[in-house]
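Heads up: the structure comes next, in structure tokens.
The values are calculated or read from the model by the stated rules, or taken from the named source; none is laboratory data. In this text, all values refer to a predicted model and were calculated from it rather than measured experimentally. Cβ coordinates were reconstructed from backbone atoms using ideal geometry, including for glycine residues, and neighbour counts include every protein chain displayed. Surface accessibility is based on the protein's heavy atoms, side chains included, excluding ligands, DNA and RNA. Shrake-Rupley method; radii C 1.70, N 1.55, O 1.52, S 1.80 Å.
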Amino acid sequence: MQTISEAAAYTLRFINQTHRSVFLTGKAGTGKTTLLREIIQTTHKNTVVVAPTGIAALNAGGVTIHSMFQLPFGGFIPDNSSPQFSESTKFETKATLRRHFKMSGLKKSVIRNMELLIIDEVSMLRADLLDAMDYMMQTVRKKSTAFGGVQVLYIGDLLQLPPVIRDEEWRTLKTYYKGKFFFHSHVVQQHPPLYIELSKIFRQTDDTFISVLNNLRNNQISQQDIQTLNQYVKPDFDLKANKGYITLTTHNNKADSMNAQALEDLEGKLVVYKPDITGDFPDKIFPVEQQLQLKVGAQIMFVKNDLSFDKHYFNGKMGVIKSLSSQEILVHFPEENKTIEVEKYEWQNIRYKVDETTKEIEEEVLGTFVHYPIKLAWAITVHKSQGLTFDKAALDVSQVFLPGQAYVALSRLRSLEGLILLSPLRMNGISNDQDVMDYSLNKASDSFLENALHFETKNFIHNYLINTFDWNDLAQEWRNHRFSYNENSEVSGKSKHALWAKKQTEVIEQLLDPSKKFISQLNKLFGQETVDLNHVSERIQAAFSYFLKPMDDLVFEILWKIEEVKRIKKVKAFYDELIVLEELQTKAVLRLMKAKLLIETVVAGETISKEKLTSSEIKKYISRKTEAIQNQFKELNITLIEDDRDVERYTAKKSKTAVPKKSTVQETYDLWVEKKSIEDIATIRVLTKQTIYSHFVKLIQTKAVSISEVLPEDKIQDLATAFAGYKEESLNTMMEKHGHKFSWEEARMYKASLN
């Protein structure tokens, strides 16, 4: 595990204990992706991860910007003017977004509950798209602050892939924007994020090479640097004779034809592998080719890191196909003289939803794509090599590079020893975008970060506490609800409940004056030069005791009313209104509970984190209330309906799956412990039975499960007989002989039990 750098530690603290938006950048190989995973795992905030493209979103474990915010694929003009169209361009405005883009209740709920928005691969994000996101969030959250008051973490390296804007689009957009990058957006110009740069490089250790890369990155490449690189020019380099080199080229068709030709040149049988696709997984986000075509001797690379304990490979590691059969691929690593069997990898297509009981944002698996995480690797484009690490690469730089492309291509390598230039590097065309260079001057110094962290943490605690007791918006929602009843209508099913709404609205209104006074007290305490946190803590405890019961009673009242309304026909709109109210009221109560935990954590001098701001009381708050209400309904013998199924008349179908935060194998094991069958586990996890069996291979290997729990005794006997004296690396010969007696999955599990 890489040790966390100071910049990374600052980033984690700014995310968890301040509300300040952050731009996290860093050269290739500085660990941006590792830090992103760490943030997602440890933050106490309701987090959503988005990226500009489907593949980038899949790699970051999030969703696309367009799908999350229901945005069109045209440009966006940041005002209320009429939309502009031509044959080749289309622009939306604030007015048309409001009119045309109807967002589902699920997405609105996610946006309303969001506290942290992470935008990955921000170098590709256009300025106008970011302003459109900001506008949609302000609209849904009904708050006119940047992103509706959500903290934003922008992650990316601006010297890698730039945004794409066609010339005809730019002709219109340039009247609104100074440039095309995310930092040119109006929202970032008005609310600049804190600029933090990761500088410790984990990929390269060669000082000469690091110096060349830094100069290339900063538009300071010297004649000396060019000479250093041009020592590695070998125009006649024979790639066939020198195995293990991947060619980096600028064009897709060139890379594809090199791979196809090299595969065709190999003797032997072509074997084709297809993925297991379960549920909803659109082909436009397939992470690897749907049809993987291989021959023995093919040069391949891995496109993911090995998630197992063994860490046999990493994203970009090269190998050679040693043997193939319909169910098995063996890859040899010549440098280490080691052969491994390639295991399939699981990619998940997710969407975000809000957990009804905790009001936390969670992921729901819509579909999975399970395939071998490898691809042909005689050649790859510079674009697709982003994020990869190579030991040996030949750079085909005959075409002039775009700004940043030379840097991306060279920075894929671990050292100069593995570099081959197929033609001399020329100076022209490899300078980086001046706007990006100027923006990089905003980088925060360590002393600035330290002072800002102290100030922003105090601000965060202050704002967190006063927002916890500010119920003006909540009271307004109750008022709106109260006045939406037509009390004179005999026909309306809703009108009968008008008195109830009036009574509850009065309860919340009576709390506004004392809460306002308490906020004034907090403002005084935080306005002092040094804040007495112990005194703040005492006041919070007292306020908690005073306000919790009436606020808690309101949640009970709404949940009771929802149970009642579920049983009445033709009041779907009324039910939906109650659901929105319940979400807001419950959030306010859970926030009260969290505020108490927050101040306790701060007073104890501990770090604010996910673990510290939760408790079993918070997790079970709604489920305990709902259970109590349902029991009372049974006691009162309330049956206003023909059958129980009608109770679920308006409620959304409960999702069966949530993305595992544990490893995929652990998730399967937990279900196995619950006495679920392999078929059940496959259904629950949106995976095929074959994939679940591959998890059992691991579980048997680590002795978490014994083979006798999974297979019957007679099957184990057949396998024992077949394996007696079997010494080959591949299971292929055995399966050809005994395949009628047992399956590949069963053979793999038995083999795992022998280790």
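Out of Gly75, Gly105, Gly61, one residue alone is modelled with pLDDT under 90 and closer than 23 Å to His184 by Cβ. It is Gly75. Yes or no: Phe147 surrounded by 16 or more Cβ atoms within 10 Å (Cβ to Cβ), modelled with pLDDT of 95 or more and on the phi > 0 side of the Ramachandran plot? Against the criterion (surrounded by 16 or more Cβ atoms within 10 Å (Cβ to Cβ), modelled with pLDDT of 95 or more and on the phi > 0 side of the Ramachandran plot), Phe147 qualifies. Exactly one residue out of Ala604, Ala595, Ala588 is over 21 Å from Trp560 (Cβ atoms), in the same structural domain as Asp532 (by the TED database) and crowded, with 18+ Cβ neighbours inside 10 Å, and it is Ala595. Scanning segment 521-549 for residues that are without any contact (Cβ under 8 Å) to a residue 40 or more places away in the chain and either basic (Lys, Arg) or open to solvent by less than 60 Å² (accessible area, probe 1.4 Å) (or both) returns Lys524, Leu525, Arg539, Ala542, Lys549. Every listed requirement among (1) modelled with pLDDT under 90; (2) open to solvent by 30 Å² or more (accessible area, probe 1.4 Å) is met by Ser609 save one, (2).
If you go through segment 133-144 and pick out every residue that is among the small types (Gly, Ala, Ser) and modelled with pLDDT of 95 or more, you end up with 0. The criterion of at least 3 residues that are free of Cβ contacts under 8 Å to residues at least 12 places away in the same chain and surrounded by 18 or more Cβ atoms within 10 Å (Cβ to Cβ) is met by none of the strands (runs of 3 or more DSSP E) falling completely within segment 232-333.
The residues of segment 639-663 that are farther than 21 Å from Ile361 by Cβ and either surrounded by 13 or more Cβ atoms within 10 Å (Cβ to Cβ) or modelled with pLDDT under 50 (or both), listed by number, are Leu640, Ile641, Glu642, Asp643, Asp644, Arg645, Asp646, Val647, Arg649, Tyr650, Ser663. Restricting the first member to segment 698-724 and to residues that are more than 26 Å from Val665 (Cα to Cα), and the second to residues that are of a type in the set (Val, Ile, Thr), no beta-carbon pair is closer than 6 Å while six or more apart or on different chains.
Please indicate, with yes or no, whether at least one residue in segment 132-148 is more than 23 Å from Tyr464 (Cα to Cα), assigned to a loop (DSSP other than H, G, I, E, B) and touching a helix residue (DSSP H, G or I) at 6+ places or on another chain (Cβ under 9 Å). So far as segment 132-148 goes, no, none of its residues is more than 23 Å from Tyr464 (Cα to Cα), assigned to a loop (DSSP other than H, G, I, E, B) and touching a helix residue (DSSP H, G or I) at 6+ places or on another chain (Cβ under 9 Å). State all residues of segment 724-737 that are open to solvent by less than 30 Å² (accessible area, probe 1.4 Å) and outside any loop (DSSP other than H, G, I, E, B); if no residue qualifies, say none. Met734, Met735, listed by residue number.
Only residues that are open to solvent by less than 80 Å² (accessible area, probe 1.4 Å), assigned to a helix (DSSP H, G or I) and of a type outside the set (Phe, Trp, Tyr) were counted across segment 682-706, and they come to 11. Taking segment 36-127 and the helices (runs of 4 or more DSSP H) fully enclosed by it, the elements with 3 or more residues that are surrounded by fewer than 21 Cβ atoms within 10 Å (Cβ to Cβ) and without any contact (Cβ under 8 Å) to a residue 24 or more places away in the chain are at 94-100.
Put simply, of Glu674, Glu679, Glu709, Glu635 the only residue that is at pLDDT below 90 and open to solvent by 50 Å² or more (accessible area, probe 1.4 Å) is Glu635. For segment 209-227, the candidate set comprises residues that are under 40 Å from the mean Cα position of the chain (by Cα) and free of Cβ contacts under 8 Å to residues at least 60 places away in the same chain; within that set, the residue that is most open to solvent (accessible area, probe 1.4 Å) is Gln220. Can you pull out the residues in segment 242-276 that are closer than 30 Å to Gln690 by Cα and among the basic types (Lys, Arg)? Correct list: Lys269, Lys274.
Just one of the numbered conditions (1) in contact with an Asp or Glu (Cβ under 6 Å, 6 or more places away or on another chain); (2) closer than 20 Å to Leu421 by Cα is not true of Asn230: (1).
If the condition is being among the aromatic types (Phe, Trp, Tyr), open to solvent by less than 10 Å² (accessible area, probe 1.4 Å) and assigned to a helix (DSSP H, G or I), then segment 158-182 contributes only Phe182.
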